[in-house]
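Q: Dropping a structure here in structure tokens format, bear with me for questions.
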Amino acid sequence: MSTRPTIKTIAKDTGLSTATVSKALNGSPQVRPNTRDKVLEAAKKLGYEINLSGVQLRTGKTHQIAMITVISSPHDDEWSGVGYAQLVYGVSDVLHDTPYRVVQYQASSYEESFEIIRRIVANRKADGIILPGTRAQDERVEYMQQQEFPFVTYGMTTLAQPHAYVDTHNQRIVSICVERLIAKGHRRIAMLNADAVLMYSQARERAYCQSLEAASLPFDRELIANGELTPAFGREQFFEMSMFDAPPTAYFCANEATAMGVLSGFHVRGYEHGREAVVIATDDLNVSQYFSPPITTCYLPISKPSRVLGEFMLRLLNGEAPEKLQKLFVPDLIERSSDVSVIK
């Protein structure tokens, strides 16, 4: 009967120390990429498999990373842009050659997500948590900090204590889009934004106001709408705003799903993009290149932040300080249809 391969078996096969092999199998950043590849190749050749239950008994590690997402309604068939499945895929790709795996938890509310976090932390059901969708003063983040539990957020907060995060540079996004529209002659610019409790939604509204102020344009609260970013939300807001005495000539949408809804409203009301009004959006999947007409967007492939979330999680678990694990992405402006409309 053949003996089950162990870390010592891999060490003998590769000529490396057992400590180096162990670190490589655990995804330690202290191991060089070519050394890790050598170890993983040997492990695969020898048929080595980590006994996760044994590892957990010895070390207390689960080798699970929990991703906790808030889904407003599991029965809602409306598309809301990038799905969290894309985030999970990107993180999982980074963790592929390590013992860690992503386990997704879905909550129907902020409160439920907090309760899930409490259970995970109290029962040590995971070694780390990835949390998309943050609030400015996020109590979930404060709790994990108090418990000294490893976590990375997809989104910033305004909390005093630093934490690991990945986010889009929301102020820069809005500056790029709104200032572009102003330069093209637009003075009534609608902003269809996410739920106002979210950190990135607040950051975008502040940047929107600052761009208007810099151009000496008045702020009109009626031109800002907050809600769940679906096509239905976009179309509903277009129908309402297009009936104003002075309707918007531009609609800046927080995602592609909302932009799709606005364009649908254009069709119903007989608007022509670039004549009565225009649409510009931010996106993660670049679906808007297939819209008719394709619209100008600030594009950040979801693969970029999702991979960094996974990398930061590994570095955090290996003892790196949270304040060194903070990254803001600036999307690329993809210019498509004309953003100039007839200003009435």
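The values are calculated or read from the model by the stated rules, or taken from the named source; none is laboratory data. Computed from a predicted model, the values in this text were never measured in an experiment. Every residue, glycine as well, gets a Cβ built from its backbone with ideal geometry; the counts of neighbours run over all protein chains shown. Accessible surface areas use protein heavy atoms only, side chains included; no ligands, DNA or RNA. Shrake-Rupley method; radii C 1.70, N 1.55, O 1.52, S 1.80 Å.
Q: Is it the case that residue 251 is under 30 Å from residue 306 (Cβ atoms), in contact with a helix residue (DSSP H, G or I) (Cβ under 6 Å, 6 or more places away or on another chain), open to solvent by 10 Å² or more (accessible area, probe 1.4 Å) and of a type in the set (Ser, Thr, Tyr)?
A: Against the criterion (under 30 Å from residue 306 (Cβ atoms), in contact with a helix residue (DSSP H, G or I) (Cβ under 6 Å, 6 or more places away or on another chain), open to solvent by 10 Å² or more (accessible area, probe 1.4 Å) and of a type in the set (Ser, Thr, Tyr)), residue 251 does not qualify.
Q: Got a sec? Which strands (runs of 3 or more DSSP E) wholly within the range 143-247 have at least 3 residues that are over 30 Å from residue 317 (Cβ atoms)?
A: Once the strands (runs of 3 or more DSSP E) in the range 143-247 are filtered for at least 3 residues that are over 30 Å from residue 317 (Cβ atoms), what remains is 189-193, 224-226.
Q: While we're here: Restricting to the range 127-184, give me the number of residues that are free of Cβ contacts under 8 Å to residues at least 24 places away in the same chain, closer than 30 Å to residue 277 by Cα and open to solvent by less than 20 Å² (accessible area, probe 1.4 Å).
A: Adding up the residues that qualify gives 0.
Q: Just the residues that are basic (Lys, Arg) and either out of contact with any helix residue (DSSP H, G or I) (no Cβ under 9 Å at 6 or more places or on another chain) or crowded, with 19+ Cβ neighbours inside 10 Å (or both), please, taken from the range 297-344.
A: Those that are basic (Lys, Arg) and either out of contact with any helix residue (DSSP H, G or I) (no Cβ under 9 Å at 6 or more places or on another chain) or crowded, with 19+ Cβ neighbours inside 10 Å (or both): 315, 344.
Q: Okay, next question. Could you count how many residues in the range 212-229 are within 15 Å of residue 201 (Cα to Cα) and in contact (Cβ under 8 Å) with a residue 12 or more places away in the chain?
A: Number satisfying all stated conditions: 7.
Q: Please go through (1) at pLDDT 95 or above; (2) in contact with a Cys (Cβ under 7 Å, 6 or more places away or on another chain) for residue 282 and return the number of the only condition it doesn't satisfy.
A: With respect to (1) at pLDDT 95 or above; (2) in contact with a Cys (Cβ under 7 Å, 6 or more places away or on another chain), residue 282 is out only on (1).
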